[in-house]
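Engineer: First the structure, then my questions, so here it is.
Every number in this text was worked out from the coordinates using simple rules, so none of it is lab data. Note that this is a predicted model, so its numbers are computed, not measured. Counting neighbours? That spans all protein chains shown, and the Cβs are built from the backbone with ideal geometry, glycine included.
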Amino acid sequence: MLVLLLMSIVFAAAGIGMIYSGDHKGWFVFIFFGLGIVVFTINLFSNSSYLRITNQGLEIRSLYKSSFIKWDEVEQFGTGRIGLRKIVTLHLNPNHTKFKTGALPDTYGKSAEELAELLNGRKEKYDKHT
């Protein structure tokens with residue numbers, strides 16, 4: 001998040017430079033990356049974003065909004081890409097009605113592969129206990 005915050009600050013400053021040079025597109029750049037500054041700053045605060053692994057499933061919190069997915073709703077965890085960013089994907093079972101597939105919003109300091117492997121191991125462990 002810190003890298004994204006710093007990038008947003010640099011691009012917002014570039015937008016201000018564009019505005020001062022008379023380029024009206026600078027307003028779009030400034031507003032877009034200015035919003036990024038707000039979002040990434042909020043994400044740096046404690047408890048605004050986390051992944052909590054429990055015996056029952058995963059609690060995913062992003063921008064102070066939480067959702068919970070039970071282990072039996074997930075068939076497996078994998079990896080994928082959104083642009084250049086590698087993410088952890090959730091392959092949900094067909095009985096899950098909220099959505100068919102999903103992805104975690106962050107890798108929480110791990111590589112996507114490490115986190116997917118960890119979650120698959122935890123899922124297997126907790127599935128055996130239910």
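Engineer: For every helix of n ≥ 4 consecutive DSSP H residues, a contribution of -39,500 (n - 2.57) applies; sum these over the chain, divide by its total residues, and give [θ] at 222 nm rounded to the nearest 500 deg cm²/dmol.
Structural biologist: -14500 deg cm²/dmol
Engineer: Show which aspartates and glutamates lie in cross-link reach of Lys65 when reach means a straight Cα distance below 17 angstrom and same-chain residues fewer than eight apart are skipped.
Structural biologist: Asp106
Engineer: Please give the contour-minus-distance gain from Leu4 to Lys125: 0.36 nm per residue of separation, less the Cα-Cα distance, rounded to one decimal in nm.
Structural biologist: Fully extending the segment from Leu4 to Lys125 adds 40.1 nm.
Engineer: Evaluate the charge dipole of segment 9-130 about its Cα centre and quote only its size in Debye, nearest 20, assuming +1 on the Cβ of each Lys and Arg and -1 on the Cβ of each Asp and Glu.
Structural biologist: 120
Engineer: Return the single residue from Leu92, Leu104, Leu84 with maximal mean-square fluctuation; model: Gaussian network over the chain, springs between Cα atoms under 10 Å.
Structural biologist: For the chain, modelled as a Gaussian network with Cα springs under 10 Å, the answer is Leu84.
Engineer: Skipping prolines and chain starts, which residues have an amide H placed within reach, meaning under 5 Å, of the one on Gln76, given they are 5 or more residues away or on another chain?
Structural biologist: Amide H to amide H, under 5 Å and 5 or more residues apart or across chains, Gln76 pairs with His91.
Engineer: Compute the distance from the alpha-carbon center of segment 41-58 to that of segment 1-21, in whole Å.
Structural biologist: Between the Cα centre of segment 41-58 and that of segment 1-21, the gap is 27 Å.
Engineer: What do you get for the angle between helix 112-128 and the principal long axis of the chain? Use alpha-carbon atoms, 0 to 90 degrees, nearest ten.
Structural biologist: Compared with the principal axis, the helix lies near 30 degrees.
Engineer: Then there's this: On a 19 Å Cα-Cα criterion, which of the cross-link pairs Lys70/Lys128; Lys70/Lys125; Lys70/Lys123; Lys86/Lys123 come out too long?
Structural biologist: Among Lys70/Lys128; Lys70/Lys125; Lys70/Lys123; Lys86/Lys123, the Cα-Cα distance tops 19 Å for Lys86/Lys123.
Engineer: Then there's this: Scan around Gly102 for amide H atoms under 5 Å from its own, H built in the peptide plane at 1.01 Å from N, and keep only partners 5 or more places away or cross-chain.
Structural biologist: Leu90, Leu92
Engineer: Order of Trp71, Trp27 from fewest to most other C-beta atoms within 10 Å?
Structural biologist: Exposure proxy ranking, most exposed first: Trp27, Trp71.
Engineer: Separate question: Specify the residue with the greatest mean-square fluctuation among Lys86, Lys110, Lys25, computed from a Gaussian network of the chain linking alpha-carbon atoms under 10 Å apart.
Structural biologist: Of Lys86, Lys110, Lys25, the Gaussian network model singles out Lys25 as fluctuating most.
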